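Remarks on the structure that follows.
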Amino acid sequence: MPDAMPLALPWHEAKPLADAFFDRDAQRVAQNLLGKVIRHRVGDLWLSARIIETEAYYLTDKGSHASLGYTEKRKALFADGGHIYMYYARGGDSLNFSAQGPGNAVLIKSGHPWIDAISGAESLAAMQRNNPDSQGRARPAERLCAGQTLLCKAMALKVPDWDAQRFDLTRLFVEDVGEQPQQIIQCARLGIAHGRDEHLPYRFVDAAYARYCTRNPMRRGQVEGRDYQLLVPEYAPS
């Protein structure tokens, strides 16, 4: 049996996602994570980002790490839903959560800084210091987490700290803050090599934040019904 989350909440009204949220089909989890907020405590600050782009992966999917087989490094992918799987991509850290079934998971592809009573201006400033632009200047908030490695850099999420770990309400968890997309864009994933099931439509984007994700799926030249589909979200309990 997986270890249960500690009962004590980090603040009175916190609404962390339960393990059962993740122990479902990877595509359902990928869609339902849109609008949820990643919380990572660094020192006295909670760094926070709303999830706006995800990708689902399956054991049988040639584009997934799990399709290469079980290894000690990939063990989180074969664990119960809600385990953290992190790896290096293009020299940066990437964040994934295991889903229902061995080898199935969701990649957190992009986020958008989340500001509220828990994570205010100081938290945003810390995220900008973590992830400056190529000139060393503060990156605009809307581009701060626009990609899987940018997200992890801004939020100070590191492979050695979190790979194969469970959520910890004192340090890292995903929260339901009551936000839900009005529309979801479904399309093919990004960066999948030819012949590795690159055609599978397992990428999901909050339509309202499409211009802030890794690559806008509704950019000029993209056609609904051919390049992407628009979905109406289904309510998912946290």
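The values are calculated or read from the model by the stated rules, or taken from the named source; none is laboratory data. Source: prediction; values computed, not measured. Note: ideal-geometry Cβ built from the backbone for every residue, glycine included; neighbour counts use all protein chains shown.
A few remarks follow.
- Selected residue (criterion: farthest from the chain's Cα centre (by Cα)) from residues of the stretch 201-231 that are closer than 28 Å to Leu59 by Cα and among the polar types (S, T, N, Q): Gln229
- The residue that is farthest from Arg24 (Cα to Cα), counting only those in the stretch 219-238 that are of a type in the set (A, V, I, L, M) and modelled with pLDDT under 95, is Val232.
- Top-ranked residue of the stretch 58-72 - restricted to ones that are of a type outside the set (Gly, Ala, Ser) and closer than 16 Å to Tyr202 by Cα, ranked as modelled with the lowest pLDDT: Lys62
- The set of residues from the stretch 129-166 being in a loop (DSSP other than H, G, I, E, B) and among the hydroxyl-bearing types (Ser, Thr, Tyr) comprises just one member, Ser134.
- The listed residues are Ala146, Ala208, Ala105, and the only one of them that is at pLDDT 95 or above and either out of contact with any Phe, Trp or Tyr (no Cβ under 6 Å at 6 or more places or on another chain) or of a type in the set (Ser, Thr, Tyr) (or both) turns out to be Ala208.
- For the stretch 208-218, the set of residues classified as crowded, with 18+ Cβ neighbours inside 10 Å and assigned to a helix (DSSP H, G or I) consists of Tyr209, Ala210, Tyr212, listed by residue number.
- The residues of the stretch 135-152 that are surrounded by 14 or more Cβ atoms within 10 Å (Cβ to Cβ) and either of a type in the set (Val, Ile, Thr) or on the phi > 0 side of the Ramachandran plot (or both), listed by number, are Gly147, Thr149.
- Look at the stretch 178-207: where a residue is assigned to a strand (DSSP E or B) and a partner is modelled with pLDDT under 95, sitting 6+ places away or on another chain with Cβ atoms under 6 Å, you get Ile184/Pro233.
- With respect to the stated conditions, Thr170 is among the hydroxyl-bearing types (Ser, Thr, Tyr), farther than 17 Å from Tyr85 by Cα, surrounded by fewer than 22 Cβ atoms within 10 Å (Cβ to Cβ) and modelled with pLDDT of 95 or more.
- Top-ranked residue in the stretch 181-200 [being of a type in the set (A, V, I, L, M), over 17 Å from the mean Cα position of the chain (by Cα) and surrounded by 17 or more Cβ atoms within 10 Å (Cβ to Cβ); ranked as modelled with the highest pLDDT]: Leu200
- Test for Ala125: is it at pLDDT 95 or above, in a helix (DSSP H, G or I), of a type in the set (A, V, I, L, M) and over 17 Å from Tyr212 (Cβ atoms): yes
- So Gly35, is it modelled with pLDDT under 95 and either of a type in the set (D, E, K, R) or closer than 21 Å to Thr214 by Cβ (or both): no
- Residue list for the stretch 42-91, filter: under 15 Å from Leu190 (Cβ atoms) and in contact (Cβ under 8 Å) with a residue 60 or more places away in the chain: Ile52, Glu53, Thr54, Glu55, Ala56, Tyr57, Asp61, Gly63, Ala89
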